[in-house]
1. Which pairs have Cβ atoms under 7 Å, sit 6 or more apart or on different chains, and link a residue in segment 175-191 that is within 14 Å of A145 (Cα to Cα) to one that is hydroxyl-bearing (S, T, Y) and open to solvent by less than 70 Å² (accessible area, probe 1.4 Å)?
2. What number of residues within segment 143-168 are of a type outside the set (S, T, Y), within 17 Å of R127 (Cα to Cα) and open to solvent by 60 Å² or more (accessible area, probe 1.4 Å)?
3. Tell me which residues, restricted to segment 50-80, are open to solvent by less than 40 Å² (accessible area, probe 1.4 Å) and not in a helix (DSSP H, G or I).
4. Suppose the filter is loosely packed, with under 15 Cβ neighbours inside 10 Å, of a type in the set (D, E, K, R) and out of contact with any helix residue (DSSP H, G or I) (no Cβ under 9 Å at 6 or more places or on another chain); does K20 pass it?
5. Among the residues of segment 86-114, write down those that are open to solvent by less than 20 Å² (accessible area, probe 1.4 Å), touching a Lys or Arg at 6+ places or on another chain (Cβ under 8 Å) and in a loop (DSSP other than H, G, I, E, B).
6. Give the residue, chosen from S90, S16, S27, that is hydroxyl-bearing (S, T, Y), over 24 Å from A134 (Cα atoms) and within 23 Å of the chain's Cα centre (by Cα).
7. Only one of E65, E74 is in contact with a Gly (Cβ under 7 Å, 6 or more places away or on another chain) and either of a type in the set (D, E, K, R) or under 25 Å from D183 (Cα atoms) (or both). Can you tell me which?
8. Please tell me if K171 is in a helix (DSSP H, G or I) and surrounded by fewer than 19 Cβ atoms within 10 Å (Cβ to Cβ).
Amino acid sequence: MKTLKNLYKDWEKWVSTADKSEDGWQSYYPAWDDLMNAAISAMTQQPLDAEALEYIDKCWAISEETEDLACYAENHIDECWDVLCHLAKSEYPDTRWQVYSVLGFAGPRAESLLRNGLLDSDDYCKRRALLSLARLQPDDARQLASQFLQDADPYMRLASIEMVRVPKDAKFIHQMQTLLLQDPDEYVRKAALTLPSTETIQESPGAI
């Protein structure tokens with residue numbers, strides 16, 4: 001049976017002549033399932049060695065369209081936790097954004113990793129970190145929402161709407177919606193209209 005390293009090296013050879021005209025072309029590799037299964041097996045092995053982590057990381061990056069490894073990790077958080085902590089610092093944005101997405105299902109232990117993700121150099125990774133952090137309902141959701149509603153990236157402002165929802169604070173939501181309805185981008189303004197009305201939520205004692 002071929003090792004993860006050997007399977008990945010074979011994938012790299014296949015890439016040199018592969019048709020890359022369609023999204024997800026990476027997974028057209030004839031031994032794709034074997035490659036992904038080898039990566040999954042490696043993710044759950046202890047202890048993890050540096051070479052295994054290198055090829056696991058590469059496999060996450062090339063599977064960003066199919067999300068094979070991310071889907072497995074989401075359903076096996078505990079077994080993959082050490083790998084996720086390592087991959088959150090990957091050099092590949094296509095690995096990091098998937099990891100941030102999975103961490104939204106990991107509970108409070110993932111909060112520090114996701115807060116680090118808010119500083120990610122890649123805009124898409126940063127958005128995925130914010131969306132996952134909103135899923136964890138952090139105590140400082142109001143501050144985070146207020147901060148990222150001012151972001152220069154309109155997609156970051158769009159993502160921050162999920163953080164606005166977290167406190168279930170009628171006064172705060174009204175304030176943020178008023179701000180969002182003045183956004184220069186139409187799709188952000190339209191998304192603001194999906195926020196709950198003040199009549200459907202109770203005033204929070206922490207309202208600002």
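The values are calculated or read from the model by the stated rules, or taken from the named source; none is laboratory data. Computed from a predicted structure; not experimentally measured. All Cβ positions, even for glycine, are placed from backbone atoms using ideal geometry, and neighbour counts span all protein chains on display. To get the accessible areas, we keep the full protein, side chains included, count just its heavy atoms, and leave off ligands, DNA and RNA. Shrake-Rupley method; radii C 1.70, N 1.55, O 1.52, S 1.80 Å.
1. none
2. 6
3. Selection gives S63 alone.
4. Answer is no for this residue.
5. Hits for segment 86-114 are A88, S90, G104.
6. Within the list S90, S16, S27, the selection yields S27.
7. When all the criteria are applied, what remains is E65.
8. yes
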